[in-house]
Structure formats: structure tokens, C-alpha cells
1. So, in the range 83-104, of the ones that are open to solvent by 50 Å² or more (accessible area, probe 1.4 Å) and small (Gly, Ala, Ser), which residue ends up farthest from Tyr159 (Cα to Cα)?
2. Of (1) of a type outside the set (Gly, Ala, Ser); (2) farther than 30 Å from Ile12 by Cβ; (3) within 21 Å of the chain's Cα centre (by Cα), Arg142 satisfies all except one. Which?
3. Is it true that Gly72 is within 21 Å of Arg168 (Cα to Cα), open to solvent by less than 80 Å² (accessible area, probe 1.4 Å) and either in contact with a Lys or Arg (Cβ under 8 Å, 6 or more places away or on another chain) or hydroxyl-bearing (Ser, Thr, Tyr) (or both)?
4. Has the range 22-29 got any residue that is outside any helix (DSSP H, G or I) and modelled with pLDDT of 85 or more?
5. If His111 satisfies all but one of (1) at pLDDT below 90; (2) over 18 Å from the mean Cα position of the chain (by Cα); (3) open to solvent by less than 80 Å² (accessible area, probe 1.4 Å), what's the number of the condition it fails?
6. Scanning the range 77-104 for residues that are outside any helix (DSSP H, G or I) and at pLDDT 70 or above, which turns out nearest to Asn7 (Cα to Cα)?
7. For residues in the range 133-172 being assigned to a loop (DSSP other than H, G, I, E, B) and charged (D, E, K, R), which is least open to solvent (accessible area, probe 1.4 Å)?
Amino acid sequence: MSSPAMNKADFISSIILTLFGIGIVVESLRLPRLENLDINAYTVPGIVPGFLGLFLTIAGLFILIRSIRRGGYRLSSSSGQIAGWLGSAMVKRTAVTVAITMAYAILLFPHVPFWLATPVFIFAFVVATEAMKYGRLPDPVRLLTALVLAVVAGLVINYVFQDLFFVRLPGG
């Protein structure tokens, strides 16, 4: 079951997904190969991001082909439709997600230790998405749950990267 609006959204999002996947592949190829350290070719830093980028590119292309077959490339819209789309909940959620993620990447991550920045990011993200879903700030129980989730996830992520994968984290 498909609607014209969904096919248009699939068309646009598939182009973005495909370009994003290609960008990831290109950047993963630019990562050091560490040949001078006799590193196994299957453990070089760019292999996992490269495969993920490749899979995103393939998925984006499949969605693009499907949306073209369903007529999603017909993007003619009136100014009222564009204004309605810009004011939609989907666009608002996307904008909030991008804003919180950029704040983490630009403001928190370089200046605050990872073990603190990541729980702050997770907590802010959970509270923001809950607030958008219900139209108000979460009740105290949900806030406490979000805080516990953020702290536990932040500590686990920090442990996995630093102690299992030996990745040096900012502020570590």
C-alpha cells in the first residue's frame, strides 16, 4: 500500500540516504590503512564504516528505484503543500534530532569528557523526543527513567570503547 506523498518522501529520502552512504564509503577509504604496522586487512579502521556505508547506499538505491516505479519523482507541489510539509511533525522531529546531535558533536564532544557528554546527549534526546510525542515535558517518573537510561548507556558505551576496543576518547 503506497500513497503519492509517501512515494515522494521515499524518493527524496532515498537520494539523501544514497548520498550519505556514498560519503561514508569515500571517507572510510580515506582512513589510514596502517600497512606500516602489519595490520590485518580485515581490522583496518575504515572497514566497518565502509561496509555500513555500502549497505546504506544499496538500501538507498533500492528505495529510489521503488519510488521511481511508483511515480515518486513527480515532485510538483504548491506553496501550501510545502508550508504544510515544513510544519509537519516529521520535519520538526528531524530538525530537533539534527540540532541535538549537532550540539553534541560541536559543543559537548570536543569540550566535555566523553563519559559526561554522552549521557547528557542521551538524556536531552530522550526528553526532547518524549516532549514532542506527548506535547509536554515528561512526568517525573519518565524523567528519572531517562536519566538512569542515559547514565547507564553512557557508562556502558564508554566502557566498551575505552576498555574493550581501546579507543582513546576525549577527556578519557
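The values are calculated or read from the model by the stated rules, or taken from the named source; none is laboratory data. Note that the coordinates shown come from a computational prediction; the quantities given were computed from them, not determined experimentally. In this analysis, Cβ positions are derived from the backbone assuming ideal geometry, glycine residues included, and neighbour counts consider all displayed protein chains. The protein model used for the area step is the full one, side chains on, heavy atoms only, and it has no ligands, DNA or RNA in it. Shrake-Rupley method; radii C 1.70, N 1.55, O 1.52, S 1.80 Å.
1. This residue is Ala83.
2. The single condition Arg142 does not satisfy is (3).
3. Against the criterion (within 21 Å of Arg168 (Cα to Cα), open to solvent by less than 80 Å² (accessible area, probe 1.4 Å) and either in contact with a Lys or Arg (Cβ under 8 Å, 6 or more places away or on another chain) or hydroxyl-bearing (Ser, Thr, Tyr) (or both)), Gly72 does not qualify.
4. No, there is no match, as no residue in the range 22-29 is outside any helix (DSSP H, G or I) and modelled with pLDDT of 85 or more.
5. (3)
6. Among those that are outside any helix (DSSP H, G or I) and at pLDDT 70 or above, it is Ser88.
7. Asp139
Residue-by-condition table, conditions (1) among the acidic types (Asp, Glu); (2) open to solvent by less than 100 Å² (accessible area, probe 1.4 Å); (3) in contact with a Phe, Trp or Tyr (Cβ under 9 Å, 6 or more places away or on another chain):
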position: Ser3; (1), (2), (3): no, yes, no
position: Glu27; (1), (2), (3): yes, yes, no
position: Gly46; (1), (2), (3): no, yes, no
position: Phe55; (1), (2), (3): no, no, no
position: Ile63; (1), (2), (3): no, yes, yes
